[in-house]
Amino acid sequence: MEKPSVSVAVRFSRAGREQIWCETLDFEGCDDGPADAARLRRHFLNDLEGSLGRTSSASSSAGGGAHSGFGGSPSSRRHVAGTAPAVQLRVVPCRPSCPQVEVLPVQGQGLAAFLERSCREDNGIFQLRAVFDRPCSGDFVHVPIAFPGFTSSGGSSGSADPPVALVEQFELALTATVATLKRLIQERTQLPTDRCILLHGQRRLHDQVTMQRATASNGTGPLVFHLATGGAYVLLRREGQGHREPCGPCSLTLLLPRCVQGARVRPMKFDPRRSLADLLWSIQAVSGLPPAGMRLTLPAIERRFLASDGTESLDSLGFWDGCALEVEHDIIQETHHGDAFDMPLEVSAAGNASSLYQSAAKKLGLADASSLSLFVGKTIISNNAELSGAPLTDGTVLSAYISWSLQLSISVLPTGGMSQVALAARFSAAAPSLATSVSASSSASPSGGMPGSGPDPLSQPLAVLSSDTIAEVRERAIGALAASRPDLAVALRGSKVFATGLSAWTEHASECKSLAALARLLGHFAPCRDGARLSRLGVADGAATHLVFVPEQPLLVEIEVRIGGEKRVDRRLRVPSTSRLMDMSRMLEQDLRTQPKADRPDIVNFDCQWSLLRADASSAPPAAAAAAADCSGSSAAACSTSTVGAAVAALAGVVASGKRRLSGSFGAASGVAGEGGPAEKKQRTADPLVAISDEEFVGDLHAAHPARQQDLERHYLCPISYDIMTDPVIVVGSGNTYDRKSIEQWFAERQTSDPRDPITNDLLRKQSERRLVPNHALRSQISEALRAQVDLRLVASIGERRSRGRSLGGGGSASGAGLAPPGSAADGPDGVSSSLRWCTSWLRGKQD
């Protein structure tokens, strides 16, 4: 299954060459931003030292080939590695004039959330810069270049402060000239060298000036970059779908990658006389994928094409009518070749934005600009806005989207079960027959929620725009539910959003009663990014897409930590309901290492096995039966591990109970305490453990095995409804406290007849006597009491993770740090139990 990930591109200058380093980091589910940022920096430094070869240079050699790695020869890489430079990874600000901060998330903030908030994003790739503390050798020098944050007319937006400059670091040889520096600037920013001016203070630097002379008297201040243009020199980029209508006498079938949401098999017309470059734009119009990152394959003849291939006609390349074309998306290829697809555009720095829209439409080949939407990062430039306040700078990427109206359906999967908000998805551009058939299937389909619950449709389909982001779609859904379902609207804030095909959802919606079932249906548990736009995700006409919202509820989990079979310590962790137990193992390991116990042995290779106490799992079906029920309608391969593990755990329990009966009978015959003896009573009263897989979600476990809640103070309950007060208020006339909803309903029913206080029965005739004042102190007490309630109780058995060779060779006990294999323990009941525990661990994949 796919994991949540983030892709970054780090641009930097080293040894006189402009280079790019790309990386995709997979996350384990917990928001440990500082650790992930350190991991990203560590990977960058490892590749910089030449130990890995996953990167390629953005610059070209004299022969036209791409450089691989971070430098030229291995000797130069060893020289760079020997210097061990200190490096900072800094963001490219998402808006001009925003600070260029270092990638340092705070504790509890995920790396992806940090980057989405502060970093510029190009087609899902976050743009970073690497800043070194010193050059790679004494023959090179660092040259900082300041790019003003705004054009001169749009500078301060009403502020007297000077515009913030973006400072970029370049490394050149001391003998290199200003002309060489300008070429590096063009490689990084795409700004034309023949129109750029570099200033040293108030003095212009000519192209023949060397870097040694340019930096000798400049001190630590940067050189200032200016571009000779009347307004702003921006880069126009086609984004999303709908920029053209594919046409031609032939048709093919597109096989799209997983990053495209909705239908992944789509038909498309094409003209075999057109070039491959023209076909790339048509594929973007249908799928939303950027052409720079496309890799095309004709499976029938096993021939591959890249976006950088020649301009030959499609028929000469082997395309034919009715062929199937497999499309893949490569972010590294997109990073290196994406600049070639951007179109330079000079725009005015003042006046109405309608002139900008007309110029952009003409550049894009659109006859009408009414459907066009222009964005700078996450900020839209309105058609009637004033350009003097728009965030337009030299080198700004201006993203062009085609916008049209959509009507989407959503479903909400709260912790504990499915509550469908709607099961009918009707796109406004689709045929009327589709709406009728989907509506009929919606009324006939099962709820998919908790037993006895039915579909809860919206009064109207959710109206969105194809250029809306996932965050904007969430806000529209919250607004649509605010009046009818305020509780659900509150739960949607901060929720994760998943997209799936409508046909697959209609068929399997009744099976999605848990997070694990949703992950099996999707084939992954990677949510859509909040900043991703629907058109970029492939959600458009004919792509019947269904959105599933998963609220993220914080749960307090009490963990009984056992080492060597003995209880050592209790820990409480507050984790999101969408986390898996393998994610919580990381959090527990970090918690135990930061807050160690004196009697805890030092565990190097941390291995955690999760269990439930039999008392906590008594209300649930047996483990094997529960696993089989959860796997109904899904593939056997997806559930084989958890089912076999549960079956072996059940077998271990049967053998253990038989062992107790056997040892009791032998003990009675030999004069030792047998049935009913003290040893037998101690074993009988001990709570056996029910093993659970670390693939389980915390929210699913909380829904199936919620911890018994402690009784709260009586004054936390509303005297009218006897429910816990969510908004306690004081009645001015009596001084008594009630829940706002209950007391308002009480007074509404008795406003004219007999408005009395429910407790004291005092008559409250005046409106001022019935005035309600919030009881903030009591509300805080209730909130703290609820936060202290344990939602789930688990047992974590901690031990050393042993290698297979060591386990097979040693005869360690199962109660020690590791698990012994079959046959290595001594004969008798303890050896049988050890073998069964080793077998259970091996089947769950815990042995190395």
ask   = Carbon-plus-sulfur fraction of the accessible area of segment 200-285, 1.4 Å probe, in percent?
value = 49 percent
task = Quick one: net charge around Gly221, please, counting Lys, Arg +1 and Asp, Glu -1 for every other residue with C-beta under 15 Å from its C-beta.
result = 0
ask   = For segment 203-334, with every protein chain kept in place, what is the accessible area per residue (1.4 Å probe, Å²)?
value = 46 Å²
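Assuming R0 = 25 Å, what is the FRET efficiency of Glu744 and Arg714, from their Cβ-Cβ distance, to the nearest 0.05?
0.65
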key: Cα-based radius of gyration of segment 195-287 once divided by 2.2 N^0.38 Å, which approximates compact folds   = 1.97
message = Compute the distance from the alpha-carbon center of segment 739-776 to that of segment 99-153, in whole Å.
response = 58 Å
request  = Answer with one residue from Phe525, Leu492, Ala504: the one whose Cα lies farthest towards the positive end of the charge dipole of segment 480-528, charges on Cβ with Lys, Arg +1 and Asp, Glu -1.
outcome  = Leu492
task = Just add up the charged neighbours of Leu198: K/R +1, D/E -1, any other residue whose Cβ is under 11 Å from the Cβ of Leu198.
result = +2
task = Anything over 31 Å Cα to Cα? Flag those among Lys362/Lys496; Lys496/Lys567; Lys269/Lys363; Lys269/Lys378; Lys741/Lys766, in the order listed.
result = Lys362/Lys496; Lys496/Lys567; Lys269/Lys378
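Subtracting the Cα-Cα distance from 0.36 nm times the residue separation, let me have the gained length for Ser503 to Gln88 in nm, one decimal.
Full-extension gain reported as 144.7 nm.
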task = Quick one: net charge around Ser780, please, counting Lys, Arg +1 and Asp, Glu -1 for every other residue with C-beta under 14 Å from its C-beta.
result = -1
inquiry  = How large is the Rg to Rh ratio of segment 263-319 when both quantities use alpha carbon positions and Rh follows Kirkwood?
reply    = 0.92
key: Normalised contact order of segment 275-408, rounded percent, pairs of Cα under 8 Å and 6 or more residues apart   = 20 percent
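The values are calculated or read from the model by the stated rules, or taken from the named source; none is laboratory data. Note that this is a predicted model, so its numbers are computed, not measured. Ideal geometry is used to build each Cβ from the backbone, glycine not excepted, and the neighbour counts take in all protein chains shown. We work out accessible area using only protein heavy atoms, side chains counted, and drop any ligands, DNA or RNA first. Shrake-Rupley method; radii C 1.70, N 1.55, O 1.52, S 1.80 Å.
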